[in-house]
């Protein structure tokens, strides 16, 4: 299958980005070095082009009903201009995808899904759309820039009359930005470093990107690739679909009980409720290496006696801590914060400790 390209594909190549296939798209993985880009976001401001993400409009009098039936969180609690993290449970106890629900106003929602799952999610939600909610797939026409870091607000405020400091975390505004109308400016992100996500139409993507970099010159703004996106989200303990959650992991096992609300009916709610009452047998935990070593996806996790008790789902060297960190599923008995676990790195059991999230 031919790789899809984001609207600014050529711009990234011209900036010297290393381009790699990711979720069916040709994407910039790094421009300089992962560590340099990571620290730019933690300490200053950087811009990710994450236009590969999927966007669906769900509208009409049956929009909320559909969203409530397919997602685990309670979208009826949303006020206009608020966003919510949620997931699509499947019928077997696992997760179709994790996603964001944006309430624009009554009967008008924007749903943002992972790039690798656009078609899968569209088909899944459509299957439950029995009452005629109006669905539009905006994914191929929308660009998304995540402007992240403590200096993001200083840079972006130069480009809009919208008071960015008045947008709380997980809220958004729609207004003029960099001379473009109807831009979604969202106080969300996947880095834990603060900042905003900017949704624009593809035909204004280049203009908006250039305006952001012009406004950020004095703050030494830089483009950031997927490599640093992964290390940043891992320091925060944020899940990556396909690694830490998938069709076989339950939201309760993944520590997503807080987005699983049994105050309403949704796909597989009865079975998930039973699981909650019985207690899960495995849990997703964050951990920090005590011995020197870098944990990687699929490495076995063992107890002190050498028994396999789980596996690593995500792992890296933390640029902030300068030690190996990771996420992984372990048996519930070994999941308590402070528990000693061992990561099997090429046949050696390296000591690690379960930590409370975030890891930094």
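Taken along its three principal axes, the alpha carbon spread of segment 24-169 comes to 48, 35, 28 Å, from the longest extent down to the shortest. Under the rule a/c < 1.5 gives rounded, and otherwise a/b versus b/c splits prolate from oblate, where does segment 111-229 land using the Cα gyration tensor? In terms of gyration-tensor shape, prolate. The helix-only estimate of mean residue ellipticity at 222 nm for the chain, built from DSSP H runs of length n ≥ 4 each weighted as -39500 (n - 2.57), is -5500 deg cm²/dmol after division by the residue total.
Of all DSSP-defined beta bridges confined to the chain, some 95% are antiparallel rather than parallel. Computed from the alpha carbon positions, the gyration tensor of segment 275-315 leads to an equivalent ellipsoid with semi-axes of 22, 13, 9 Å, biggest first.
Taking max minus min of the alpha-carbon positions on each principal axis, segment 54-129 gives extents of 31, 21, 20 Å, largest first. Ordering 281, 260 by the number of other Cβ atoms within 10 Å of each residue's own Cβ, fewest first, gives 281, 260. Between the beta carbons of residue 79 and residue 277, assuming R0 = 45 Å, the FRET efficiency works out to 0.90 to the nearest 0.05. Relative to the globular-protein estimate of 2.2 N^0.38 Å, the Cα radius of gyration of segment 281-355 stands at 0.94. Taking a point 7 Å from the Cα of residue 320 along the Cα-to-Cβ direction, the residues of segment 142-166 with backbone N closer than 15 Å to it are 148-151. Packing-based ranking of 76-89, 8-21 yields 76-89, 8-21, ordered from highest to lowest mean Cβ neighbour count within 10 Å. One quarter of the surface of the convex hull around the alpha-carbon atoms of segment 179-220 equals 3.5 nm², the direction-averaged projected area. When 51, 33 are arranged by Cβ crowding within 10 Å, least crowded first, meaning fewest neighbours, the order is 33, 51.
Across all directions, the average flat footprint of the convex hull enclosing the Cα atoms of segment 87-132 is 3.7 nm². If a spin label sat at a point 7 angstrom from the Cα of residue 219 along the line to its beta carbon, the backbone N atoms of segment 7-45 nearer than 14 Å would be those of 40-45.
Among 208-215, 149-156, the peptide with the highest mean count of other Cβ atoms within 10 Å heads the list, and the full ranking is 149-156, 208-215.
Expressed per residue, the C-alpha convex hull volume of the chain stands at 138 Å³.
No lab work stands behind these numbers, since they all come straight from the coordinates. A quick note: this is a predicted structure, and the numbers were derived from the prediction, not measured. In this analysis, Cβ positions are derived from the backbone assuming ideal geometry, glycine residues included, and neighbour counts consider all displayed protein chains.
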